[in-house]
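A.B. asks: First the structure, then my questions, so here it is.
The values are calculated or read from the model by the stated rules, or taken from the named source; none is laboratory data. Everything numeric here is computed off the predicted structure, so don't read it as measured data. Virtual Cβ from ideal backbone geometry, glycine too; neighbours counted across all protein chains shown. When the accessible area is computed, the model is the full protein with side chains, heavy atoms only, and any ligands, DNA or RNA have been set aside. Shrake-Rupley method; radii C 1.70, N 1.55, O 1.52, S 1.80 Å.
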Amino acid sequence: MVAAVGAGASGADMATLTILGIESSCDDSAAAVVRRTEGRATVLSSVVRGQTALHAQFGGVVPEIAARAHAEVLDHCVEAALGEAGLALSDLDGIAVTAGPGLIGGVLSGVMLAKGLSAATGLPLIGVNHLAGHALTPRLTDGFCFPYLMLLVSGGHCQFLVVEGEDRFRRLGGTIDDAPGEAFDKTARLLGLPQPGGPAVEIEARQGDADRIALPRPLLDRPGCDMSFSGLKTALLRARDAEMAAAGGLTRAARADLAAAFQKAVVEILREKTRRALALYLEMSPDRPAFAVAGGVAANGPIRAALTALCAEAGVEFAAPPLALCTDNAAMIAHAGLARLAAGEADGLDLSARPRWPLDGEAAPMIGSGRKGAKA
Ligand code: KG4
Ligand code: ZN
């Protein structure tokens, strides 16, 4: 049920709105306070408690462990976020919470907490799509205007979205299997490098020859913007085994060459698919063409450099939100909730948690479910 909460949220001055955000869809418990004054949103606080150590020994996120950890720490995150902002619950105008997509137990932990806070305070409850939180972040950090193109690329997500409005998204394509972060993490495991794998593989790759070992570029020969990374990982496993058989073990040089070859393949796949997505986006003749990349994999130097160069060639503004706002956080959830709060909309206490919640209902559903939950 979607309820209207009147012209002014909680009777607050519409010029200024202060909203709490809660995020728990994967392995980060987070809370944040965002304030919008005269159309400009500012992050007053953002608290993130990661769970990497809890899942490390299992080689991936264990949904039950994640859900329990969220239930244990989320209220502390909320307290800390309010404390850092110097505010009390009574200073807020609304509560935004990730209602999906993600690991259902974790999403439920956040939704139940938000419902409890809303019921206790009478503050409007706003269910937010986690992917919308990521996709709208360039408006918060870089003042992007609609429509802009977005590449979400992390351990759980990989998709191109044209962001046309606060709740209008067009998916141009995405991974049909693993997300690139997942592939980086698996590659690190295969090469005996530490987790999270992305930074470790990037560092290792600097010492390697990216051209000595040939790895495939899955789906690059097919039209469109869809991507695939699971075949690349299998090819890497075979190449590693061949190197080990030839040398009687994995030499330092072979490990660096494998890391470099893998990273080069990911860079080339992302560059070519982004080039195609940009061409489709530019057909819309946007007034101020702009592209943003977000998600943990956006931290990768060679990937960032390739996308920056591509945008410069195409005359498109490039932005990558600061890492703290482009990996999972609750400020993006609070920010995404602001538009609905300002419009006087809210959800009822029957708000449901959704494991799958595609941003673009008209796009073909994504296949499979990664280690970080269902793909949207
Ligand atoms: O956005 P994020 O923090 O969490 C979610 O996946 O939702 O992204 C984490 C992912 C991990 O798979 C990690 O290995 C990858 O981002 N990552 C990187 C780099 N830094 C983090 N991948 C490649 N290069 C990096 N420098
Ligand atoms: Zn995310």
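A.B. asks: Scan the strands (runs of 3 or more DSSP E) fully inside region 6-120 and keep the ones with 2 or more residues being within 30 Å of T187 (Cβ to Cβ), more than 18 Å from the chain's Cα centre (by Cα) and in the same structural domain as A342 (by TED's automatic domain parsing).
C.D. replies: Values: elements: 16-23, 28-37, 40-50, 94-100.
It comes to none.
A.B. asks: Are there any pairs, at least 6 apart or on different chains, whose C-beta atoms fall under 9 Å, with the first in region 110-130 and within 12 Å of I19 (Cα to Cα) and the second charged (D, E, K, R) and surrounded by fewer than 23 Cβ atoms within 10 Å (Cβ to Cβ), and if so, which?
C.D. replies: Qualifying pairs under 9 Å: P124/E345; L125/K115; I126/E345.
A.B. asks: Does R240 satisfy being assigned to a loop (DSSP other than H, G, I, E, B), farther than 30 Å from F160 by Cβ, open to solvent by 40 Å² or more (accessible area, probe 1.4 Å) and modelled with pLDDT of 95 or more? Step through it out loud before you land on a result.
C.D. replies: On the way: assigned to a loop (DSSP other than H, G, I, E, B): no; farther than 30 Å from F160 by Cβ: yes; open to solvent by 40 Å² or more (accessible area, probe 1.4 Å): yes; modelled with pLDDT of 95 or more: yes.
Against the criterion (assigned to a loop (DSSP other than H, G, I, E, B), farther than 30 Å from F160 by Cβ, open to solvent by 40 Å² or more (accessible area, probe 1.4 Å) and modelled with pLDDT of 95 or more), R240 does not qualify.
A.B. asks: Okay, next question. Could you identify the single residue in A246, A253, A261 that is open to solvent by less than 50 Å² (accessible area, probe 1.4 Å) and either within 16 Å of ligand 2 (Cβ to nearest atom) or of a type outside the set (S, T, N, Q) (or both)?
C.D. replies: Step by step, each of A246, A253, A261 is checked, and only A261 is open to solvent by less than 50 Å² (accessible area, probe 1.4 Å) and either within 16 Å of ligand 2 (Cβ to nearest atom) or of a type outside the set (S, T, N, Q) (or both).
A.B. asks: Return yes when F291 is more than 15 Å from ligand 2 (Cβ to nearest atom), of a type in the set (F, W, Y) and without any contact (Cβ under 8 Å) to a residue 60 or more places away in the chain and no when it is not.
C.D. replies: For F291, the condition - more than 15 Å from ligand 2 (Cβ to nearest atom), of a type in the set (F, W, Y) and without any contact (Cβ under 8 Å) to a residue 60 or more places away in the chain - is not met.
A.B. asks: Please go through region 280-299 and pick out each residue that is open to solvent by less than 10 Å² (accessible area, probe 1.4 Å) and outside any helix (DSSP H, G or I).
C.D. replies: Result: A290, F291, A292, V293, A294, G295.
A.B. asks: Hey, any hits in region 196-212 for a residue that's β-branched (V, I, T), assigned to a helix (DSSP H, G or I) and assigned by TED's automatic domain parsing to the domain that holds A261?
C.D. replies: Within region 196-212 (the criterion being β-branched (V, I, T), assigned to a helix (DSSP H, G or I) and assigned by TED's automatic domain parsing to the domain that holds A261), the answer is yes, since at least one residue qualifies.
A.B. asks: Further question on the same structure: Exactly one of (1) among the small types (G, A, S); (2) in contact (Cβ under 8 Å) with a residue 12 or more places away in the chain; (3) more than 16 Å from ligand 2 (Cβ to nearest atom); (4) in a helix (DSSP H, G or I) is unmet by A305. Its number?
C.D. replies: That leaves (2) as the condition not met.
A.B. asks: Suppose we filter region 213-237 for residues that are under 23 Å from the mean Cα position of the chain (by Cα) and in a loop (DSSP other than H, G, I, E, B); how many remain?
C.D. replies: At the first step, the residues of region 213-237 found to be under 23 Å from the mean Cα position of the chain (by Cα) are 218-219, 224-233.
Okay, now just the ones that are also in a loop (DSSP other than H, G, I, E, B), so 218-219, 224-226, 228-229.
Number satisfying all stated conditions: 7.
A.B. asks: Please tell me if P138 is under 17 Å from the mean Cα position of the chain (by Cα) and touching a residue at least 60 places away in the same chain (Cβ under 8 Å).
C.D. replies: Details: under 17 Å from the mean Cα position of the chain (by Cα): yes; touching a residue at least 60 places away in the same chain (Cβ under 8 Å): yes.
So P138 fits the description; yes.
A.B. asks: I need a count of the residues in region 183-198 that are among the polar types (S, T, N, Q) and surrounded by fewer than 24 Cβ atoms within 10 Å (Cβ to Cβ).
C.D. replies: 1
A.B. asks: Considering L310, L250, L278, which residue is within 22 Å of C145 (Cβ to Cβ), assigned by TED's automatic domain parsing to the domain that holds S154 and out of contact with any strand residue (DSSP E or B) (no Cβ under 8 Å at 6 or more places or on another chain)?
C.D. replies: The unique qualifying residue is L310.
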